[in-house]
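None of the figures in this text is laboratory data; all of them are computed from the coordinates on show. All values derive from a computational prediction rather than experimental measurement. Here the Cβ positions follow ideal geometry from the backbone for every residue, glycine too, while neighbour counts run over all protein chains shown.
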Amino acid sequence: MTFRALSFIYRVLTPKTYEISPKIGILLHPTSLPGPYGMGEIGPSARQFIQTLQQGGQRYWQVLPLGPTGYADSPYQALSTFAGNPMLISFDDLMKDGLLKPEEVGEVPDFSERRIDYGPVLEFRQGVLNQVCKGFSRRASAELKAEFKAFCKKEAGWLDDYALFVALKEENELRPWIDWAPEFVHRDADALKAFGKEKASDIRRAKLCQFLFSHQWHRLRTVAEAHGVQLIGDIPIFVAHDSADVWANPKRFYLDENGHPTVVAGVPPDYFSATGQLWGNPLYRWDVHQEHGYEWWLNRMRHMLRQVDIVRIDHFRGFAAYWEIPADEETAMNGKWVEAPGEDLFSVLQRELGEIPVIAEDLGVITEDVDALRDQFELPGMRILQFSFADDLKPHMKPEGFPENCVVYTGTHDNDTTAGWFWREAGVSNTESAEDIETERQAVLETVHTDGSQIHWDLIALAHRLAPHTAIVPLQDVMGLGTEARMNVPGRMDGNWAWRFDWADLRAEDLQRLRDITEWAGRG
């Protein structure tokens, strides 16, 4: 897909020459899809969802990061920035492809249809995948075996380290890599070679799971293309410390001699937390990345663009300056801003890859240098309606002052649902007073000219009206759901990423109303 084909998202190539047709999409992570096996998958339900998007007049499906989850089940703390999450592999498609027998699935536990209970769900799903991998050699077609061999060769640059990392993690009862034996922490070549021979079957299983994920994901992308739906992916700016990326590339991060971070990432006190957010991700040695021509970042972006059509970069402001926190701090309060080489990095990405289709997540503490970096490369930023009604905002942050080059959201995965946000109480997952909330609520009602009884539709319509290019709406808002359907509370250590919906929740009249709004706003 060329950048010219993406000109409806951001005006980079002579905007006066092209007629921009605004579009709209839905934000939903695949884990939230319906299905009988404990969590959403990238098989039949995902394909049905694409058809549903088409029926509702939608052109985009935005997902969260697709990597294998580690700490707290967060897609933003993946075990690899290149790997896919094997837990998303569709059992039904495996059976259709002859790689899984129904009796190997066995009696499916009585999993909740509305929440993911990650512990038992992951244990169940991993057991089934182990059976699939064990039988692959005798069940897979010759064509599929050849594809697996080609996949391992093509993706060896990251896959070999990742598979070894997974096997070592299993051998060490899933403990973080810094708690392994010293020879594995420091990647002693002889020790790794011996382990690789001893655990060859485990390493092959990890590679096979990656192949199956890739195979199914690209099948899904083909279906999306056939239905006129483009996929928006998500790259977290930072990677998890307990990841194959850091273990295999320690010199690219600020680590001590034993592999522990010396400084970590986060953000200063904000709307979500009075003490800031302590993410704990190790920070990049940007000098090392520069010395190697940003090779790791180039590979990361190339890989991502083979998966999706458009890339949302989370925490874009970190490319201008990032919040550096000493690793021994217990909160994010005692950090400092450190300049990052964003201009140099994006110049290299642009030179090597062409005009990349990126959405810059420019939320939080945004300064002039962040705006300048985003605008220099003519990237669309983001505007969140839930952040647009406070009294002390600058004009360009309020609804009628949104810039042309931005994507408008009612909310994101980090926000409450629109209904939950509108009727929120002071001090519940926010730092606001009751007076501030009521003042903001009245500002919303004055803008949408309603009584707020259907505030989710009010803000969906407002997003459509305001967005010059693109509007994205979480599926929870289309359904009018409350706080019970919130995906994530930043800073909370558990209870996140678990929401699911059932097809019965998505009413035909809601889809029709969404389509009517889309057509009313000229986005059909």
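Our estimate of slack between Ala150 and Glu257, defined as 0.36 nm per intervening residue step minus the Cα-Cα distance, is 34.8 nm.
Across the stretch 118-225, counting alpha-carbon atoms alone, Rg and Dmax equal 15.5, 48 Å.
Compared with the dominant Cα axis of the chain, that is its longest principal axis, helix 295-307 is turned about 70°.
Tell me, rounded to the nearest percent, the portion of alpha carbon pairs in the chain spaced more than 28 Å apart. Tail of the P(r) past 28 Å holds 56 percent of the pairs. Label positions at Glu368 and Lys197, each projected 7 Å from the Cα along the C-beta direction, are separated by 6.3 nm. Straight Cα distances below 22 angstrom link Lys23 to the lysines Lys398, with same-chain residues fewer than 8 positions distant left out.
Could you give the length gained by full extension between His303 and Arg351, i.e. 0.36 nm per residue of separation minus their alpha carbon distance, to one decimal place? List each step's numbers first, then the result.
Values: separation 48, 0.36 × 48 = 17.28 nm, distance 1.67 nm.
Separation in residues times 0.36 nm, less the Cα-Cα distance, equals 15.6 nm.
Placing a pseudo-label 7 Å from each Cα along the Cα-to-Cβ vector at Trp520 and Arg285 gives an inter-label distance of 5.7 nm. Computed from label points 7 Å out along Cα-Cβ, the spacing between Ala504 and Asp188 is 5.9 nm.
Could you compute Rg(Cα) / (2.2 N^0.38 Å) for the stretch 253-329, with N its residue count?
Scaled against compact globular proteins, the figure is 1.28.
Charging the Cβ of each Asp and Glu at -1 and of each Lys and Arg at +1, and nothing else, the dipole of the chain about its Cα centre rounds to 2340 debye. Here Lys101 is the anchor, and the aspartates and glutamates within straight C-alpha reach of less than 13 Å, apart from those fewer than 8 places off in the same chain, are Asp92, Asp93.
Scaling against 2.2 N^0.38 Å puts the C-alpha radius of gyration of the stretch 207-255 at 1.63. Can you tell me, using C-alpha contacts under 8 Å and at least 6 residues apart, the relative contact order of the stretch 204-355 as a whole percent? Rounded, it is 26 percent for the stretch 204-355.
Our helix-only sum for the chain, with -39,500 (n - 2.57) per DSSP H run of n ≥ 4 divided by its residues, gives a mean residue ellipticity at 222 nm of -12000 deg cm²/dmol. Remark: relative contact order (the chain) = 19 percent; criterion is Cα-Cα distance under 8 angstrom and separation of 6 or more residues. Applying a DSSP loop filter and a limit of 12 other Cβ atoms within 10 Å to the GluC sites (Glu not before Pro) in the stretch 136-227 leaves Glu173. Kirkwood radius, the stretch 189-285, all distinct C-alpha pairs, inverse of mean reciprocal distance: 17.3 Å.
Using 0.36 nm per residue, how much length does the chain from Gln376 to Glu329 gain when fully extended, once their Cα-Cα distance is taken away?
Length gained between Gln376 and Glu329: 13.4 nm.
Within a straight-line Cα-Cα reach of under 24 Å, Lys193 can be paired with the following lysines, leaving aside sequence neighbours fewer than 8 residues apart in one chain: Lys134, Lys149, Lys153, Lys154, Lys169, Lys207, Lys251. Within 10 Å of each candidate Cβ there may be at most 15 other Cβ atoms; applying that plus a DSSP loop requirement, which GluC sites (Glu not before Pro) in the stretch 227-319 survive? Taking the stretch 227-319 and a limit of 15 other Cβ atoms within 10 Å, the loop GluC sites (Glu not before Pro) found are Glu257. Split the chain at each of the trypsin sites (Lys or Arg not before Pro) in a DSSP loop with at most 15 other beta carbon atoms within 10 Å, and the longest piece is 188-491. Going 7 Å from the Cα of Leu174 along its beta-carbon direction, which residues of the stretch 64-80 have the amide nitrogen within less than 18 Å of the resulting point? 67-80, by backbone N distance to the label point.
Fewest Cβ neighbours within 10 Å first, please rank Cys133, Cys152, Cys406 accordingly.
Taking fewest neighbouring Cβ atoms as first place, the list is Cys152, Cys133, Cys406.
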